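Read the figures in this text as sums done on the coordinates, not as results from a lab. Since this is a predicted model, take the numbers as computed values, not measurements. We place every Cβ from the backbone using ideal geometry, glycine too, and count neighbours over all the protein chains shown.
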Amino acid sequence: MPFKCGQCDREFSSETGLVQHNSDKHGIGKESKQEKKEAEQQIRREKKESELEKSLHAKKTKRIAKFGIAILVVIGLAYFAISLIPPSPVSKLREGLGPVGSQHIHSDVKLYLNGVPVDFSVSKYQVNPSRQHVHMEGGDGDVVHVHATGVKTGFFFSTLGITFNPTCVVMDTGKRFCSNENNTLKFYVNNEPNNEYEMYVMKSTDRILVSYGNETNLTSQLDSVTTKAQGIDRGQVAVRPH
Ligand SMILES: [Zn+2]
Ligand SMILES: [Zn+2]
């Protein structure tokens, strides 16, 4: 008999018989079947887990991708929006501005807000190291010293922290004076209305009036603009070098 049981020495005529015997009497085969089953289950479990993990990972990736796309869209829109905005007003006001010392001329300037003149003789509006191109100085609030070529009125006001354009004056305090149905912003050079507003390049002995309010007659405001620059630029008044 070629097939002998290793446990109880019984002999069998065929391998199938021995396997059957081992399974029935000694639980061999069965055990391995059980183990096999468990192993298979383990593999299935692991497969399931890895699939779950994969799908979770896929979901995560999808979420990150969606988020990334959203960010790209926002960045794209921001760039598009920026491209629509005209060049910054400040750079527009500096266009054509010469270096400090390229000339030294003077203009008289007055700014009225609702009939009240702004006092430029106070120290916050006077010359300081960041106002080299153009400034008021010596505690005088009437005459503007223009120390460079190409100084625009808008640039002068911007050095004081004041925004000036055809529709609004925004003071350094943040207070806004914008044209509406009752009040308008007017700009005069040498008693004549001028439509250049902030883009007007200041010239020697100019008498400049910026007026916001509901006045229809500006005669008294125009008359209040001093003529100090004429005295300085025509050499009638000595100005110490500065
Ligand atoms: Zn000067
Ligand atoms: Zn000066």
List the lysines whose Cα lies under 21 Å from the Cα of K60, skipping any in the same chain that are fewer than 8 positions away.
K47, K48
When the chain is treated as a GNM, springs tying every alpha-carbon pair under 10 Å, which of D24, D140, D172 comes out with the largest mean-square fluctuation?
D24
Angle between the Cα long axis of helix 30-84 and the longest principal axis of the chain, 0 to 90 degrees, nearest 10?
10
What is the set of long-range amide H partners of S102 at a cut-off below 5 Å, with H atoms built 1.01 Å from backbone N?
T149
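Starting with the highest mean, order 71-79, 205-213, 117-125, 157-165 by the number of other Cβ atoms within 10 Å, averaged over the residues of each peptide. All intermediate terms of the calculation are to be shown ahead of the outcome.
Numbers: 71-79: 9.9, 205-213: 21.1, 117-125: 13.4, 157-165: 18.9.
The most tightly packed comes first, giving 205-213, 157-165, 117-125, 71-79.
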Once you keep just the Cα pairs under 8 angstrom separated by 6 or more residues, what percentage relative contact order results for the chain?
17
Give the residue from H26, P117, Y200 lying farthest towards the positive end of the charge dipole for the chain; charges sit on Cβ (+1 for Lys and Arg, -1 for Asp and Glu) and the dipole is referred to the Cα centre.
H26
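Grab the Cα-Cα distance for H26 and L77, subtract it from 0.36 nm times how many residues apart they are, and report the gain in nm with one decimal. Before the final figure, lay out the partial values.
Working: separation 51, 0.36 × 51 = 18.36 nm, distance 7.66 nm.
Working it through step by step, the gained length comes to 10.7 nm.
Counting Lys +1, Arg +1, Asp -1, Glu -1, what net charge surrounds Y125 among other residues with beta carbon under 14 Å of its beta carbon? Don't skip to the answer; put the middle values down first.
Values: positive: K110, K124, R131; negative: D119, E137, D140, D142, D172.
Net charge in that neighbourhood comes out at -2.
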Compute, for the chain, the length of the dipole vector about the Cα centre, with Cβ point charges of +1 (Lys, Arg) and -1 (Asp, Glu) only. Units Debye, rounded to 20.
1020
Once the in-chain neighbours fewer than 8 apart are removed, the aspartates and glutamates whose Cα is under 18 Å from K124 read E137, D140, D142, D172
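Would you tally the net charge around K60, using a Cβ to Cβ cut-off of less than 13 Å, leaving K60 out, and scoring K and R as +1, D and E as -1?
Summing Lys/Arg as +1 and Asp/Glu as -1 gives +4.
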Anchor K62: aspartates and glutamates whose Cα lies under 20 Å away (excluding residues fewer than 8 positions away in-chain):
E49, E51, E53
